[in-house]
Amino acid sequence: MAGPVRTEAVVLRSIRYGEADRILHFYTPGRGRVGGIAKGVRRSRSRFGGRLEPFSRVALILHEGRSDLLTVTAADSVRTHARLRENGPALDAAARACDAVARMFETANPQPEVFHLLCNELALLDDEPDRATYANQLAFRLKLMLVAGFAPQLSACAECGAIEHLQGYSGAAGGVVCAACEASAFSLGEEAHTFMVAALGRPLLEAPAASERALRQAERAINETVEHHAHLRLRPAAAG
């Protein structure tokens, strides 16, 4: 039904449109990903100010009309995440987190867990910019996979259920595989396996450390699982 919509949102992306407008992609707790247009936002006297910058958490009033794009009629800042914008690695990590959410959850289906997970990640990067590590980015993606329903199987062979001799990982199978089932798998070291288990089980604040080699293996496992089960490719996580 057409009319005003009140919601919190994270600004995922902002695109210039026309002479003074912007097309915005938001992620909301009750509507999932939605698109909106902010008219006149690029004018110096815009009533929105700088409140609709990417990575901002905002309280919106949107007008729902006949178009797929909702019109932004009011926006108040909940959290600007100003500190992360002053730190290159944190800013890059925030961009990759928003991009991962936009790719993995592109529909209007409500996923409040995704909204709160993204808010937690952006707040962590804002409070402690030094947390913008390769390990943090992979831990965030593993948690997104959990919410999406295709978290990797890490406790037993994803093919036959065996719990011993787990030495490979298969994206097609969706998890670790044993020696007897590893035909289409790549080698997953113990350190990478331990990292993935801990990253799924701990809060983002407690994302475990691991060597770059182990993290590269974990990222390959994430990417191959997402590509096979969600049919999409994630932007590479930044190492270092």
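Yes or no: A214 closer than 22 Å to P89 by Cβ and surrounded by 19 or more Cβ atoms within 10 Å (Cβ to Cβ)?
yes
Count, please, the residues in region 16-38 that happen to be buried (at least 17 other Cβ atoms within 10 Å of the Cβ), of a type in the set (D, E, K, R) and in a loop (DSSP other than H, G, I, E, B).
Residues meeting the conditions: 1.
Every residue in region 209-240 that is of a type in the set (A, V, I, L, M) and either over 18 Å from F150 (Cβ atoms) or not in a helix (DSSP H, G or I) (or both), please.
A209, A210, A214, L215, L232, L234, A237, A238, A239
Can you find even one residue in region 112-132 that is charged (D, E, K, R), modelled with pLDDT of 95 or more, under 29 Å from H228 (Cα atoms) and not in a loop (DSSP other than H, G, I, E, B)?
Looking for residues that are charged (D, E, K, R), modelled with pLDDT of 95 or more, under 29 Å from H228 (Cα atoms) and not in a loop (DSSP other than H, G, I, E, B), one finds at least one in region 112-132, hence yes.
One residue is enough: does region 5-17 have a residue meeting the conditions touching a residue at least 40 places away in the same chain (Cβ under 8 Å) and either among the polar types (S, T, N, Q) or on the phi > 0 side of the Ramachandran plot (or both)?
yes
For the subset of region 24-60 comprising residues that are among the β-branched types (V, I, T) and within 18 Å of R103 (Cα to Cα), which member is nearest to the chain's Cα centre (by Cα)?
T28
Take A151 and tell me if it is under 30 Å from G35 (Cβ atoms), part of a loop (DSSP other than H, G, I, E, B), of a type in the set (A, V, I, L, M) and in contact with a helix residue (DSSP H, G or I) (Cβ under 8 Å, 6 or more places away or on another chain).
Judged against the criteria, A151 is a match.
Return yes or no: is R43 out of contact with any Ser or Thr (no Cβ under 7 Å at 6 or more places or on another chain), without any contact (Cβ under 8 Å) to a residue 24 or more places away in the chain, not assigned by TED's automatic domain parsing to the domain that holds H193 and not acidic (D, E)? It would help to see each step written out before you state the result.
Details: out of contact with any Ser or Thr (no Cβ under 7 Å at 6 or more places or on another chain): yes; without any contact (Cβ under 8 Å) to a residue 24 or more places away in the chain: yes; not assigned by TED's automatic domain parsing to the domain that holds H193: yes; not acidic (D, E): yes.
Answer is yes for this residue.
Do we find that L205 is outside any loop (DSSP other than H, G, I, E, B), within 25 Å of the chain's Cα centre (by Cα) and modelled with pLDDT under 95 in this structure?
Yes, satisfied.
The values are calculated or read from the model by the stated rules, or taken from the named source; none is laboratory data. Computed from a predicted model, the values in this text were never measured in an experiment. Positions of Cβ are generated from backbone atoms using ideal geometry, with glycine treated the same way; all protein chains shown enter the neighbour counts.
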